[in-house]
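Heads up: the structure comes next, in structure tokens.
Only the coordinates and a few stated rules stand behind these numbers; no lab work does. What you see is a predicted model; the values in this text were computed from it and never measured. Glycine also receives a Cβ, built like all others from the backbone with ideal geometry; neighbour counts cover every protein chain displayed.
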Amino acid sequence: MSWVTALARPEILALQPYEYAPWEAGATRLHANELPWRPARDASAAGLNRYPEPQAPELIERLARLYEVAPQQLLIGRGSDEAIDLLTRAFCAAERDAILVCPPTFGMYANAARIQGAPLVSVPLSAARGFELDADAVLSHYCLTQVKLVFLCSPNNPTGNLLSEEAILTVADGLEGRALLVVDEAYLEFSQRASLASRIRQRPHLAVLRTLSKAHGLAGARLGTLIADPEVIALLRKVIAPYAVPQVILEAVTELLSPEHLGTLPTRIARICAERSRLGHSLAALPGVTAVLPSAANFLLARFVDAARALARARAAGLLVRDLRTVRGLEDALRITVGTPEQNDRLLEAWA
Ligand SMILES: *Cc1c(COP(=O)(O)O)cnc(C)c1O
């Protein structure tokens, strides 16, 4: 029995996937109850009257090249949010199989656990050590309960720090075969760190989340990728809605993953990182700001003497920043996305 078979929900292993209408180039489609005519003004290549191709091979191929992994290691869905949901549903039986998270972190992991009814185990990041991962604490808590999934986020949202690669791999090695470790790399492009995706071949119980929503500037396209062992991918392909990614998005994103778009990335990322540094220094110099945390992402976490007042002043200037006051340990903090130099200046003025 493989480790995936041992970990996944038996119902999902036994599930007969929905038989979608297959794609055959050149053949006439009389098998999917589609209308034979395109709608007026339909500019799509394939025709919006047709169901899109599930896990479209060309897009998968391009993403595999982008992330330097094999196509069989990829699952695409509606943002990495969908992958988080699918992992939870495929591995965690309600009221039995737990999810371990390290707060303060991205809220979707806990949400997915709650929706599925999976117990949630929290092992906080170490605030005293700059929100670093405590690998020993994760491994000892994991032994106490039937944890199936561990989510780590690096760079972490909302604190902005990278977790130590050594600590992540210590967790991975400690979990081997007993739980799946999912590392969310949504902001990796803004850091100098290499992806952990290359480590999946040696550690099949490691998985990585990537998204086009942040550095690629495609949040509206809702396209995220799970990189994992082919056996995990095959399992999740049984669970994902067959036509998860709409045709217009498939075509637009496939087109955007061209050298022309990809060529614009380094400059844009460098600009954001330069502004991150400038904004960080300027924020730290404001009298109302008590701390600005070092960030490897496209946002900054700042602590305030009076966060409520800072929030109100930003709002009055027509600027929205993220209120973190309900997050444990961040009651005095706001999260600020790095904008254009002009937008950042407006924020600094509002808080001057
Ligand atoms: C923004 C973000 C994502 C991206 O989610 P999508 O559904 O792909 O847009 C994933 N993880 C974290 C931690 C994020 O902050």
### Task
Please report, in debye to the nearest 20, how large the charge dipole of the chain is about its Cα centre when each Lys and Arg carries +1 at its beta carbon and each Asp and Glu carries -1 there.
600 debye
### Task
Return the long-range amide H neighbours of Leu180 (sequence gap of 5 or more, or a different chain), with a cut-off of under 5 Å between placed amide H atoms.
Leu149, Val150
### Summary
Sorting Gly177, Ser191, Ala207 by the position of each Cα along the dipole of the stretch 161-209 (Lys, Arg +1; Asp, Glu -1; all at Cβ), the one nearest the positive end of that ordering is Gly177
### Message
Could you tell me the relative contact order of the chain? Use alpha-carbon pairs under 8 Å, at least six residues apart, and round to a whole percent.
### Response
18 percent
### Query
Taking the Cα centre of the stretch 1-126 as the origin, how large is its charge dipole in debye, to the nearest 20, when only Lys and Arg (+1) and Asp and Glu (-1) carry charge on their Cβ atoms?
180 debye
### Query
What list do you get for His31, His216 if you sort them by fewest beta carbons within 10 Å?
His31, His216
### Message
Please rank Phe106, Phe91, fewest neighbouring Cβ atoms within 10 Å first, as an exposure proxy.
### Response
Phe106, Phe91
### Summary
Fewest to most Cβ atoms within 10 Å: Asp97, Asp85 sort as Asp85, Asp97
### Message
If the elastic network links every pair of Cα atoms under 10 Å, which of Asn49, Asn156, Asn298 fluctuates the most in the Gaussian network model of the chain?
### Response
Asn49
### Message
Under 5 Å between amide hydrogens, which residues at least 5 positions from Tyr51 or on another chain qualify, with H placed 1.01 Å from N in the peptide plane?
### Response
none
### Summary
For Glu132, other-chain or 5+-apart residues with amide H closer than 5 Å (H placed, Pro excluded) are Ser126
### Task
Please report the base-10 log of the normalised intensity I(q)/I(0) for the stretch 210-352, using a Debye sum with one equal scatterer per alpha carbon and no solvent, at each q in 0.12, 0.21 (1/Å).
-0.66, -1.20
### Task
With 20 Å bins from zero, work out the P(r) of the chain over every alpha carbon pair and list the percent per bin.
28, 54, 18, 0
## Note on the structure
Taking 0.36 nm per residue of separation between Gln72 and Ser122 and subtracting their Cα-Cα distance, the length gained on full extension comes to 14.8 nm
#### Entry: 0 to 90° range, to nearest 10: angle between helix 165-175 axis and the chain longest Cα axis
50 degrees
### Message
Output the 0 to 90 degree angle, nearest 10, between the alpha-carbon long axis of helix 341-350 and the longest principal axis computed from the alpha carbons of the chain.
### Response
50 degrees
### Message
Which one, Glu68, Glu11, Glu24, has the greatest fluctuation when you compute a Gaussian network model over the chain with C-alpha springs under 10 angstrom?
### Response
Glu24
### Query
What shape does the stretch 246-293 have by the C-alpha gyration tensor, where a ≥ b ≥ c are the square roots of the eigenvalues, rounded means a/c under 1.5, and otherwise prolate means a/b greater than b/c and oblate the rest?
prolate
